[in-house]
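Participant: Structure below; questions to follow.
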Amino acid sequence: MTKKLRWRIMFIMMLLLSLTFISIITAINIWLRADNRAEADNNLRFLLQRETQPDRIRPDDSHPASEDLSKTDPDNLLPDSDTTSSRDKNMQKPNIPENRRMEIATSHFILARYSSDNQLISIQNTLSESYSEEEIKQYCDKLLGKSKQQGTLGNLRYIIRKNKDGTVIAFIDHTQGAQSGKKLLMISIVLGIIGLIIFAFLSYILSGLMVHPIEEAFAKQKQFISDASHELKTPIAVILSNSELLEDQIGTNKQLAYIKKECDRMHHLVTSLLTLSHLEQTPYVEEEKNTFSLSDALLERILPLESIAFEKQITMQYHIIPDISFYGVKEQIQQTAVILIDNALTYTDKPGQVDITLEQTSHHIIFKVSNTGEAIPKEDREKLFERFYRRDKARNRTNGHYGLGLSIARMIVQNHKGQIHVECKEGLTSFVVTWKI
């Protein structure tokens, strides 16, 4: 139980940390992508303002892309009055620091100029190694038919400026920003995975420290139950033997009958507690296991119970596939069968029926005990396997059941690498035990 609690704590801690890492990485990458786009848009706006007001810029003789913009006053680079329409609100004055202007002016860009009737006038291409003039024309033809004034086309960021004289489309290479974003994303993922691995190790240690006090408490509780059960066996045996001796001397007596009955009930409870304590404290690997015939082992316990079913006016039918081999502790498997059959006989109202089946498929061995009677509510089905849980408490007090039988059965099945669950359908309540082959 403490192992499951430890893994559950680890899972919760890792889940919270993973969500935190993912949120941080996503936020950083979204911010970087938006920042790269904003920077590219600022560069494009600056280029468009230079294009609309070339007389304010002193060109360099070597290349138009290397024009000296370091002394240009951005406050005077305002667009024409007819270019400040509602569809051009995104092309306001760029807020570019002084030390970035030369870098903007020498960056790789493309300018395509069109007349008012969308006839190509010229193309200024400083990215000729990457984009041919024909490719640029195809890009421009796509953009001229769109109402969107800025965006991304492949690895190019663009802005369109229209006025009465024509249209200017500015492109800037966005590859470097995209690559830096991908690089940051990969670094973030790698660092996140490394961080999760380190934290998984630390959380394993921390969860162990957190569970240790609980584990000690459970160990002390189990030890107390085991010690108390052992200590109770002796006085119960003494009381029972003395009551039998008195009965031999004075004959049948009502009070002695009560004493014997309660001693038998107490002995049954102590035996169940010792069995459960043994299953929890003794590792399964230390048990003496062997291969035996599961079919014969179950029949050894089913046949003696037929008389009990007959006395209770319950029809008990069984269908056991012969020669099914099983590897485990034979006595424990037989004890599981007795617990399930006795439980079915207890909760079957007469006249009723109990069906027992054992079958083998290509991958599983299935043992099922079904009985007629009232269906078990869904909310109670899993609780049935908890120790001391009794759905009908008044009824269990009279039949000597203490809510430990099904807990013992589940522990035995789990120790044998199997599963047990409850099904309620077609008027039958079935306890199904499944083992993988």
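The values are calculated or read from the model by the stated rules, or taken from the named source; none is laboratory data. Since we're looking at a predicted model, the values are computed, not measured. All Cβ positions, glycine included, derive from the backbone under ideal geometry; neighbour counts span all protein chains shown. Each accessible area value is taken on the protein alone, full model and side chains, heavy atoms only, with ligands, DNA and RNA left out. Shrake-Rupley method; radii C 1.70, N 1.55, O 1.52, S 1.80 Å.
Participant: Yes or no: Thr271 within 20 Å of Phe385 (Cβ to Cβ), at pLDDT below 90 and not in a helix (DSSP H, G or I)?
Facilitator: Numbers: within 20 Å of Phe385 (Cβ to Cβ): yes; at pLDDT below 90: yes; not in a helix (DSSP H, G or I): no.
Criteria not met by Thr271.
Participant: If I filter region 384-391 for residues that are open to solvent by 60 Å² or more (accessible area, probe 1.4 Å), modelled with pLDDT under 85 and touching a Ser or Thr at 6+ places or on another chain (Cβ under 6 Å), do I get at least one hit? Before the answer, list the steps.
Facilitator: The first filter runs over region 384-391 and keeps only residues open to solvent by 60 Å² or more (accessible area, probe 1.4 Å), leaving 386-388, 391.
Checking the rest, the ones that are also modelled with pLDDT under 85 come to 386-388, 391.
Applying the additional criterion that residues be touching a Ser or Thr at 6+ places or on another chain (Cβ under 6 Å) yields 387.
There is at least one residue in region 384-391 that is open to solvent by 60 Å² or more (accessible area, probe 1.4 Å), modelled with pLDDT under 85 and touching a Ser or Thr at 6+ places or on another chain (Cβ under 6 Å).
Participant: If you don't mind, there's one more thing I want to ask. From the set of residues in region 393-426 that are charged (D, E, K, R) and within 18 Å of His268 (Cβ to Cβ), which is modelled with the highest pLDDT?
Facilitator: Here the answer is Lys393.
Participant: When you check Tyr258 against the structure, is it surrounded by fewer than 16 Cβ atoms within 10 Å (Cβ to Cβ), without any contact (Cβ under 8 Å) to a residue 12 or more places away in the chain and among the hydroxyl-bearing types (Ser, Thr, Tyr), yes or no? Lay out the reasoning, then the answer.
Facilitator: Values: surrounded by fewer than 16 Cβ atoms within 10 Å (Cβ to Cβ): yes; without any contact (Cβ under 8 Å) to a residue 12 or more places away in the chain: yes; among the hydroxyl-bearing types (Ser, Thr, Tyr): yes.
So Tyr258 passes the test.
Participant: Take Ser295 and decide whether it is surrounded by 15 or more Cβ atoms within 10 Å (Cβ to Cβ), among the small types (Gly, Ala, Ser) and at pLDDT below 75. Lay out the reasoning, then the answer.
Facilitator: On the way: surrounded by 15 or more Cβ atoms within 10 Å (Cβ to Cβ): yes; among the small types (Gly, Ala, Ser): yes; at pLDDT below 75: no.
Taking the combined requirement at face value, the residue does not satisfy it.
Participant: Something else about it: How many residues does region 143-165 hold that are under 45 Å from the mean Cα position of the chain (by Cα) and not small (Gly, Ala, Ser)?
Facilitator: First pass over region 143-165, keeping only residues under 45 Å from the mean Cα position of the chain (by Cα): 148-158.
Right, trim to not small (Gly, Ala, Ser) and you get 148-150, 152-153, 155-158.
The total comes to 9.
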